[in-house]
Amino acid sequence: MALPVITIDGPAGAGKSTVAKRVATSLGLTYLDTGAMYRAVTLLAQRTGVDVNDDLLLKRLAEDISLKLTGGRVYLNGEDVSEDIRKPEVSDKVSFVARQRSVREIMTKLQREMASNGGVVLDGRDMGSVVFPSADYKIFLTASVEERARRRHAELEQKGIIVSFDEVKHNIIARDKIDSEREVAPLRVPEGAYILDTTGLTIDEVVQEIVRKCRID
Ligand code: DC
């Protein structure tokens, strides 16, 4: 088999990025965080005063953007924005940007280019359903809302970003709703995906299970 494409989709806080990173390392593949791409467009919109609901202006921004995901960092027009794109003000607005059809079309094209040689693990919401429907392995990670909020809260705290647990939980519920109800590429379980509920599982257990799945099939 040529170098595989592995997609990992699921709701906010299901542990996708941590798991996808580790799966990529275990299998010697490259990890691509596609949520970071939508976050970078959102950050640029905020910095330039573009309304996150303005499809036309967002399209212009996204068309001209230079995005690089390399070495675990995210570069927006050459600037390392890895920390800025995780801030609550971006998290609060990113779902609005991600529901715009034109932005999704541009990001989908970029994602396909980035994965054109295979050998990648991509995490997102529509990787297995829309962007790579014929991926070699499709995983759908999920967990209870409480558990996802707990993980996100701990992750933010570790980065020194102070927000209340309720605020994080509220953000996750709100994003789930927008991500699953949007018209274009809504969050759903891709056809043929392996569904893994990670509630109560450790990261090691989840990683091992996915690596096993991708090696055996
Ligand atoms: O995974 P994350 O929290 O960094 O994702 C940020 C937002 O981007 C999330 O609200 C949904 C959206 N997203 C998307 O619509 N499609 C993707 N492939 C990845 C993320």
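So the values come out like this:
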| quantity | calculated |
| --- | --- |
| Segment 193-203 - phi-based ³J(HN,Hα) in whole Hz, Karplus 6.51/-1.76/1.60, Gly and Pro as x | 6, 8, 8, 10, 8, 8, 4, x, 9, 7, 4 |
| Sites residue 189 and residue 46, calculated FRET efficiency, Cβ-Cβ separation with R0 30 Å, nearest 0.05 | 0.40 |
| Order of 50, 94 under a 10 Å beta carbon neighbour criterion, fewest first | 50, 94 |
| Given charges at Cβ of Lys, Arg, Asp, Glu: the chain dipole, positive-most of 142, 72, 162 | 72 |
| Distance-filtered residues of segment 62-81 - backbone nitrogen under 17 Å, label point 7 angstrom along residue 89 Cα→Cβ | 81 |
| Karplus 3J(HN,Hα) series, Hz, for segment 92-104 with 6.51 cos²θ - 1.76 cosθ + 1.60 (x for Gly, Pro) | 5, 10, 4, 5, 5, 5, 6, 8, 7, 4, 5, 5, 4 |
| Dipole magnitude of segment 9-67, debye to nearest 20 (Cβ charges: Lys/Arg +1, Asp/Glu -1, about Cα centre) | 320 |
| Mean separation of Cα contacts under 8 Å (6+ apart) over length of segment 139-217, as relative contact order % | 42 |
| Tensor-based shape of segment 71-217 (alpha-carbon gyration tensor, a/c under 1.5 rounded, otherwise prolate or oblate) | rounded |
| Amide H within-cut-off set for residue 8, under 5 Å, with H built and near neighbours excluded | 122, 123, 124, 139 |
| Cα centre as origin, Lys/Arg/Asp/Glu Cβ charges: segment 176-217 dipole, Debye | 140 |
| Dipole axis of segment 18-129 (+1 Lys, Arg; -1 Asp, Glu on Cβ), positive-most option in 36, 121, 50 | 121 |
| Centroid-to-centroid separation of segment 90-113 and segment 141-166 [C-alpha atoms, Å] | 23 |
| Mean Cα-pair separation over length for the chain, i.e. relative contact order, pairs under 8 Å, 6 or more apart, % | 33 |
| Stretch gain in nm, segment residue 60-residue 212, where the contour uses 0.36 nm per residue and the Cα spacing is subtracted | 50.5 nm |
| Estimated dipole of the chain in Debye, rounded to 20 [Cβ of Lys and Arg +1, of Asp and Glu -1, Cα centre] | 240 |
| In sequence order, calculated HN-Hα J values of segment 181-188 (Karplus, 6.51, -1.76, 1.60; Hz; x Gly/Pro) | 9, 5, 6, 9, 6, x, 5, 8 |
| Residues listed by number, segment 2-27, amide nitrogen under 14 Å from residue 166 label point at 7 Å toward C-beta | none |
| Segment 90-182, relative contact order in percent, only Cα pairs under 8 angstrom and at least six apart counted | 36 |
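No value in this document is a laboratory result; all are computed from the given coordinates. Because the structure is a prediction, the values reported are computed rather than measured. FYI the Cβ positions are ideal-geometry reconstructions off the backbone, even for glycines, and counts take in every protein chain you see.
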